[in-house]
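Only one structure is covered here, and it is reproduced in the block below.
Please treat every number below as a calculation from the coordinates, not as lab data. Values in this document were obtained by computation on a predicted structure and should not be read as measured data. So basically every Cβ, Gly included, is an ideal-geometry build from the backbone, and we count neighbours across all protein chains shown.
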Amino acid sequence: MAGPSPGHSVYDVVPPYKRHVFNCGDDSERVMPAQAKLTPVDPLRLKAMLTDGREIAPIDLREELTFSQSHLLWARSVPLSRLELRFAQLVPRLDTRIVLCDAGDGLIERAAKVLSAAGYTNLHYLEGGIAAWERAGLELFSGVNVPSKAFGEHIEHHSGTPSISPEELDALMRANTNMVIVDSRPFDEFQRVSIPTATNMPGAELVLRIHDVAPSPETLVVVNCAGRTRSIIGAQSLINAGIPNKVVALRNGTMGWNLAGFKPDSGKTARAPDPSPQGLARAKAAAERVGKRYGVMRIDRAGLAAFQADTTRTTYLLDVRDPPEYLAGHLPGAVSAPGGQLVQATDQYAGTLGARLVLVDDKEVRALMTASWLRQMGWREVFVLAASGDEQGRPAPHVLGPKPPSELGIDAGELSALITKDHATVVDLSLSPAYRKGHIPGAWFAVRSRLPQALAKIPMNGTLVLTSEDGVLAGIAAMETRTPARYLRGGNAAWQVANLPLSTEARMADEPLDYWPKPYERTGDTKAAMQEYLTWEVDLLPRIERDGTTRFQS
C-alpha cells in the first residue's frame with residue numbers, strides 16, 4: 001500500500017458504536033464505518049499518483065447526474081447506490097490502489113465499509129473531496145466518458161479527419177452520389193434514430209465489413225454516430241486501414257442532422273452483412289498493418305493464463321465482437337465490450353488505469369483496430385487474442401456482500417395480493433429511465449443511497465417492499481434499512497414474467513440523480529441541449545491540455 005501523504009496518518013476504522021471522528025480538510029466531520037482502512041490523499045498527491053505508471057482506480061461515488069456536473073478527468077463513475085453491483089467487474093483485483101471521491105457527504109465512509117468487507121485492502125480517499133481538487137487549482141470536467149470524448153477531438157485535430165456538414169450530405173443525397181452511409185453506433189441506437197439510407201455497422205465492425213458494403217473504390221463512405229466521437233474514430237479507422245475509398249465523418253452526427261432541420265429515420269433495421277471470404281482477407285491484411293503501426297501485441301491462451309495467474313496485476317478480458325457473437329459463445333470470464341463502445345466509453349469497462357487489456361476476437365480484425373485506438377489513448381499493455389469460446393449468454397455479475405436472508409423475499413403473486421388489499425408500500429430502486437418506462441402500479445421511485453430520506457417522504461401503508469430491475473439491489477437494500485423491509489424476488493422482471501400489470505404514473509420520492517440523460521432525452525428545448533452538448537465536446541481539447549495528465553498519441 002502507498003504510504004499516507006505528509007502530515008497525515010492512516011486511520012483504522014472502528015465499529016460504529018465506538019464513533020471515531022476526524023476532520024478531512026473541508027471542515028466536515030466524518031464518522032468512519034467498521035473494519036475499513038483509509039489513507040487520505042491530498043489533491044496534488046493524487047494527481048501525481050494518476051501519472052506514476054502504477055495501477056490505480058479513481059472512483060467517484062456520487063450519483064451519475066451529480067458526477068456529470070463536475071468530476072476528475074480519470075474518475076470512474078460508480079455510484080454508491082449501485083456499488084455492490086458494479087465494482088467487482090470494474091476493479092477485480094483486491095489489492096488495487098483505489099482512491100474514493102465524494103463531495104464530503106459521507107459516501108466514502110459507506111463505500112469503504114462495503115469494500116473492506118469484500119476484501120479490498122488498499123483504500124484511499126481524496127481528502128477534502130471534489131471541492132479540494134478545485135481549490136488546488138486543478139481541472140474539473142463536466143459530462144460523462146470524458147477521456148474517450150476528448151480523445152476523439154484529439155484525433156480529429158491531429159489527424160485532420162475529414163468531415164462534411166449535414167447540408168453537404170443532403171446535397172449529395174439529392175444528387176444521387178455514389179456513396180454509402182454507415183452508422184457506427186450499436187444496433188439499438190441505430191434503430192432509435194438514423195440518417196436516411198444508412199446501414200448499421202458498429203465502430204469495430206467497420207474495417208471488417210466495409211469491403212463488402214463498398215466494394216468499388218469510387219464509392220464515397222460517410223460515417224456517422226449520434227454526435228462526434230464515434231464518427232471521427234470510425235472514419236479515421238477506415239483511413240488508417242488504407243481503404244481506397246474517400247472517407248468522411250458526418251459532422252455532429254444525427255444531432256447535427258436534426259439541428260440542420262433534416263428529418264431522421266426511425267425503426268430502421270439495415271445491417272451490414274457478414275464479410276465474404278474476400279472481404280475478410282482484405283480486412284485482415286489492413287488491420288494487420290494498423291496493428292504493427294501502433295505496436296499492438298498478440299497473446300495465446302497460455303499467455304492469457306499466465307496473466308490471469310499473476311495476482312500483482314489487473315488483466316481485463318474483453319470480447320470486442322458484435323454482441324450476438326459474444327452471446328453465442330465466448331471465453332469464460334470474458335466481458336462483452338464491443339470495440340466501438342470500448343473506445344467510446346473505456347471508463348465503463350476498465351476501472352483500473354495502467355491495467356493489462358486482452359481483446360478477444362476470433363477474426364482478429366476488430367481486436368486489432370480497437371487495440372490500436374487504446375494504445376493511442378495511453379493504454380500501454382494491450383493484447384489481441386484470436387479466440388472464441390463455448391460459454392453462452394451473459395454470465396451472472398459478481399455482487400459484493402452477503403445474499404439477503406430468504407425470509408426477506410416475497411414473490412410477485414404474494415406482493416400483488418398485498419397491493420390489491422392495500423397492505424403494501426412499494427419502493428422501486430431501479431434506474432430512473434427503467435422506472436419511467438414501466439413499474440409496479442403505485443410504486444415510488446427512490447435512489448438506494450438516499451433511501452432513508454426518500455422513506456421519510458412516503459406515506460407508509462402495510463409492508464414495505466423494495467424492488468429493482470432484477471431484485472438484487474432491492475435485496476441488498478432490504479438488509480440495511482432501519483424500517484423493516486422485504487424485497488421482491490426477481491424484481492420487476494419477475495413481476496412481468498407473472499404477467500402482472502405495469503404503470504407509467506410516476507411517484508417520485510427522490511430526484512432522478514442516478515442518470516445522466518442524453519441531450520435528445522431531455523425535457524424542454526432538446527435542440528438547445530444538443531447544441532450545448534456538441535459545443536462541450538469541441539471545447540474538451542483545451543481543457544485536457546490544462547489538466548495535463550493525458551498521454552494521447554495520433
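Starting with the fewest neighbours, write out 552, 87, 383 ranked by other beta-carbon atoms found within 10 Å of each beta-carbon.
Exposure proxy ranking, most exposed first: 552, 383, 87.
Viscosity 1.567 mPa s, temperature 4 °C: Stokes-Einstein D of the stretch 102-247 from its Kirkwood Cα radius, in µm² per second?
Translational D for this selection: 70 µm²/s.
Mind checking the dipole of the chain: about its Cα centre, +1 per Lys or Arg Cβ, -1 per Asp or Glu Cβ, Debye to the nearest 20?
Here the size comes out at about 560 debye.
What order do you get for 363, 246 when you list them from fewest to most C-beta neighbours inside 10 Å?
Least to most surrounded, the residues fall as 246, 363.
May I ask for the net charge around residue 386, where only other residues with Cβ less than 9 Å from the Cβ of residue 386 are counted and Lys, Arg are +1 while Asp, Glu are -1?
Once all neighbours under 9 Å are counted, the net charge is -2.
Taking +1 at the Cβ of each Lys and Arg and -1 at the Cβ of each Asp and Glu, which of 499, 516, 487 sits farthest along the dipole of the stretch 412-523 towards its positive end, judged by Cα position relative to the Cα centre?
Ranked along the dipole, the leading option is 516.
If I fit a long axis through the Cα atoms of helix 107-117 and take the longest principal axis of the Cα atoms of the chain, what angle between them do I get, 0 to 90°, rounded to 10?
Between helix and principal axis, roughly 90 degrees.
Please identify every one of the chymotrypsin sites (Phe, Trp or Tyr not before Pro) in the stretch 171-280 that sits in a loop by DSSP and has no more than 16 other beta carbons within 10 Å of its own beta carbon.
Taking the stretch 171-280 and a limit of 16 other Cβ atoms within 10 Å, the loop chymotrypsin sites (Phe, Trp or Tyr not before Pro) found are 262.
For residue 411 and residue 218, calculate 0.36 nm times their separation in residues minus their Cα-Cα distance, and state this gained length in nm to one decimal.
Net length gain for the segment: 63.3 nm.
If each residue's Cβ is checked for other Cβ atoms within 10 Å, how do 436, 86, 228 rank with the fewest at the top?
Ascending Cβ contact count within 10 Å gives the list 436, 86, 228.
Could you tell me how many degrees, from 0 to 90 and to the nearest 10, lie between the Cα long axis of helix 146-159 and the main elongation axis, the longest principal axis, of the Cα atoms of the chain?
It is inclined by approximately 20 degrees.
Within a Cβ distance under 12 Å of residue 232, other residues only, what is the Lys/Arg minus Asp/Glu net charge?
Once all neighbours under 12 Å are counted, the net charge is +1.
Compute the Cα gyration tensor for the stretch 406-497, then decide on rounded, prolate or oblate, letting a ≥ b ≥ c be the square roots of its eigenvalues: rounded whenever a/c is under 1.5, prolate when a/b is larger than b/c in the other cases, and oblate in all that remain.
Since a/c stays below 1.5, the shape of the stretch 406-497 is classed as rounded.
Report relative contact order for the chain in percent, whole number only (criteria: Cα-Cα under 8 Å, sequence separation at least 6).
Normalised by residue count, the contact order of the chain is 14 percent.
Students often forget the sequence filter, so: which lysines lie under 22 Å Cα-Cα from residue 37 once same-chain residues fewer than 8 apart are removed?
Partners within reach: 18, 47, 113.
If you put +1 on each Lys and Arg Cβ and -1 on each Asp and Glu Cβ, how big is the dipole of the stretch 291-343 around its Cα centre, in Debye rounded to 20?
Using Cβ point charges on Lys, Arg, Asp and Glu, the stretch 291-343 gives about 260 debye.
Please report the net charge: other residues with Cβ closer than 12 Å to the Cβ of residue 47, K and R +1, D and E -1.
-3
By the gyration tensor of its Cα atoms, with a ≥ b ≥ c the square roots of the eigenvalues, what is the shape of the stretch 290-385: rounded for a/c under 1.5, prolate for a/b over b/c, or oblate?
Cα axes put the stretch 290-385 in the rounded bin.
To the nearest Å, what is the center-to-center distance of the stretch 157-184 and the stretch 509-548, using C-alpha atoms only?
Here the answer is 25 Å between Cα centres.
Which angle between 0 and 90 degrees, to the nearest 10, do you get for helix 229-240 versus the longest principal axis of the chain when only C-alpha atoms count?
Compared with the principal axis, the helix lies near 40 degrees.
Which translational diffusion coefficient, to the nearest whole µm²/s, is obtained for the chain from the Stokes-Einstein equation, given a Kirkwood hydrodynamic radius over C-alpha pairs, 4 °C and 1.567 mPa s?
52 µm²/s
Please sort 101-110, 168-177 by packing, taking for each peptide the average over its residues of neighbouring beta carbons within 10 angstrom, highest first.
My ranking of the peptides, most packed first, is 101-110, 168-177.
Select from 107, 352, 283 the residue farthest towards the positive end of the dipole of the chain; place +1 on Cβ of Lys and Arg, -1 on Cβ of Asp and Glu, and compute about the Cα centre.
283
So which of 284/437; 292/518; 149/268; 403/457 end up more than 32 Å apart, counting from Cα to Cα?
The answer is 284/437; 292/518.
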